[in-house]
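Written out below as structure tokens is the structure these notes cover.
The values are calculated or read from the model by the stated rules, or taken from the named source; none is laboratory data. Keep in mind the model is a prediction, meaning the values are calculated, not measured. Here the Cβ positions follow ideal geometry from the backbone for every residue, glycine too, while neighbour counts run over all protein chains shown. Heavy atoms of the whole protein, side chains included, go into the accessibility calculation; ligands, DNA and RNA do not. Shrake-Rupley method; radii C 1.70, N 1.55, O 1.52, S 1.80 Å.
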Amino acid sequence: MKKKITFGTRVAYGCGDTACNIVYGMISTLLTLFYTDYVGISPVTIGIVMLVSRVFDGSSDLIMGFLVDRTKSRWGKSRPWILWMTVPYAIAAILMFTVPHTTDFLKGIYIFVTYNLTTTVIYTAINVPYGSLSTMMTRDSYQQDLLSIFRMILSPVGRIISVTFTMPLVKVFGNDQSAWIKTMCIWVIIAVVLLLFCFFRCEETVATEAKKEEKRSVGVNIKALVTNKYFWCVLGLWSIQVIHMTIVGTDLPYYCKYIFGNDTWMYSTLYFLETVCMIGGAAACPFLIKRWGKRNVTLAGCLIAVGSQILVLVNPYNFQWLFFVTLIRSVGASQLSATIFGMLGDVVEYGYWKNGFRQESLVFGGASLGFKVGTGITSAIMTGLMTVSGYISSTGTQVMQPDSAVRTIGNIYKFGPIIVWGAAVVILLMYKLDKMYPQIERDLLEREMKKE
């Protein structure tokens with residue numbers, strides 16, 4: 001019943017998220033800077049585009065969950081979508097950076113269409129089935145934890161590849177819009193290779209009983225999802241994780257540029273440090289989880305993240321101090337990154353135990369909704385605050401930002417993470433599924449033995 005996943009397969013599965021983060025890491029971090037400082041779009045326009053896009057994105061994840069559950073192919077239900085969407089994802093990612101030189105209105109329309117094509121349609125069609133694939137590779141909670149940990153060890157590598165090295169490459173290629181397009185072409189080639197590696201090495205081995213069950217209505221599926229209390233806990237935690245990444249990834253380039261006066265190596269250094277520390281923290285998770293459990297390890301990490309971010313306030317204008325705080329904060333944040341997808345696997349099993357049917361794709365689709373809504377709303381709030389504070393957009397030229405805009409950039413970075421990690425602590429104090437899971441496993445095994 002339980003299948004052990006080989007080391008090579010774990011690596012291949014993790015490479016899928018490396019590929020996703022090569023592209024999505026750019027979307028959630030440097031894309032806003034590209035739009036404001038290289039295309040000349042106002043922050044409020046970008047914020048509106050990203051916020052309105054959430055209306056469309058809000059339904060795409062759940063729709064994708066239903067589509068995956070109904071997919072039948074020789075490769076299974078989730079796995080084929082990785083193959084089908086790989087090349088379209090690469091093309092759409094490049095199109096986001098080919099904004100035409102035209103009126104602001106037409107630029108806004110172009111950004112809206114290409115942004116939604118990439119995030120709402122194609123990214124959803126890869127990421128939802130990719131997330132649910134782990135629960136179809138094994139039923140063993142610990143094996144799912146290991147897949148989750150390998151995913152989160154390799155996921156930041158995608159952001160290291162793209163986010164950390166993008167600005168240096170953009171400078172090398174000419175520091176203009178064309179330079180961004182050339183850089184993005186390099187990143188998507190790497191992403192395509194990694195997604196294909198994931199597809200060919202990962203197999204669906206968990207047999208489901210969909211053939212024996214009567215078809216369930218949409219209403220029954222939705223009711224089972226929304227009454228799963230631990231789904232809401234994990235949805236909140238995944239949203240918090242991505243909100244933190246969006247705050248740091250989007251605001252930090254502006255912080256380094258306008259507060260430290262450096263738009264070359266400081267941002268890349270801090271982002272590289274954060275992602276490397278998160279990889280190291282995630283690598284330690286299997287040993288910590290075996291001793292203390294997912295919830296306790298994650299709670300300790302969130303407390304470390306809150307405490308270290310408060311330390312930013314001691315000396316927010318010193319780069320060396322920020323370097324030290326980033327080191328500590330990222331070690332704490334890495335625990336949630338490493339455990340979140342294992343928690344989602346537990347939510348699937350909890351729902352199966354409670355309702356009598358599995359909802360892998362719908363659980364991961366609903367959670368992915370929180371991931372993208374968190375990104376969109378956070379980006380909209382930040383760009384809105386920057387606009388209200390008087391931020392001046394440009395097209396690659398250096399401008400003197402008003403003091404109010406610089407203060408806003410600083411306050412977002414200083415106080416935003418404190419709020420979100422504090423919320424994570426509250427959610428984890430209510431999370432009790434770790435204690436229940438051994439009994440759930442025993443009950444499910446007894447049910448299946450009776451059926452056999």
Checklist entry - Separation between the V192 and L327 pseudo-spin-labels, each 7 Å from Cα along Cα→Cβ, expressed in nm? => result 4.1
Next on the checklist: Angle check, please: helix 294-312 long axis (alpha carbons) against the longest principal axis of the chain (alpha carbons), in degrees 0 to 90, nearest 10.
Outcome noted: 10
Checklist entry - Per 5 Å bin, what is the whole-percent P(r) computed from every C-alpha pair distance within the range 1-151? => result 2, 9, 16, 18, 17, 13, 9, 7, 4, 2, 1, 0, 0
Next on the checklist: How much length would be gained if the chain were fully extended between M400 and K450, taking 0.36 nm per residue of separation minus their Cα-Cα distance, in nm to one decimal?
Outcome noted: 10.8 nm
Next on the checklist: Could you give each residue of the range 165-174 its phi-based ³J(HN,Hα) in whole Hz, using Karplus coefficients 6.51, -1.76, 1.60 with θ = phi - 60°, and x for Gly or Pro?
Outcome noted: 9, 5, 4, x, 5, 4, 4, 5, 7, x
Next on the checklist: Leaving out ligands and nucleic acids, and using a 1.4 Å probe, what accessible area per residue does the chain come to in Å²?
Outcome noted: 39
Checklist entry - Once the principal axes of the Cα atoms of the range 243-302 are found, what is the range along each, listed largest first in whole angstroms? => result 45, 19, 13
Checklist entry - Just for the Cα atoms in the range 249-351, what are the lengths along the principal axes, largest first, rounded to whole Å? => result 50, 23, 21
Checklist outcome for this item: With a 1.4 angstrom probe the carbon and sulfur portion of accessible area for the range 254-365, in percent, totals 68
Item to check | Whole-Hz couplings from phi, Karplus 6.51/-1.76/1.60, listed for the range 441-450; x for Gly and Pro | outcome: 4, 5, 5, 5, 5, 5, 4, 6, 5, 5
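Using 20 Å as the Cα-Cα cut-off, could you pick out the over-long pairs in K290/K435; K354/K432; K372/K432; K171/K257? Could you put the intermediate results ahead of the total?
Details: K290/K435 13 Å; K354/K432 15 Å; K372/K432 26 Å; K171/K257 14 Å.
In this structure, K372/K432 lie more than 20 Å apart at Cα.
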Checklist outcome for this item: Over all directions, the range 23-87 yields a Cα convex hull whose mean projected area in nm² is 5.6
Item to check | Radius of gyration, Dmax [the chain; alpha carbons; angstrom] | outcome: 21.5, 73
Checklist entry - What part of the accessible area of the range 22-153, given as a whole %, is carbon or sulfur when the probe is 1.4 angstrom? => result 75
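Which whole-number percentage describes the relative contact order of the chain, with Cα contacts under 8 Å and a sequence gap of 6 or more?
Result for the chain is 29 percent.
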Checklist outcome for this item: Per-residue ellipticity at 222 nm attributable to helices in the chain (runs of n ≥ 4 DSSP H, -39500 (n - 2.57) apiece, nearest 500 deg cm²/dmol) works out to -26500 deg cm²/dmol
Item to check | Phi-based couplings in Hz for the range 180-192 (Karplus 6.51, -1.76, 1.60; Gly and Pro marked x) | outcome: 5, 5, 4, 4, 5, 4, 5, 5, 6, 4, 4, 4, 4
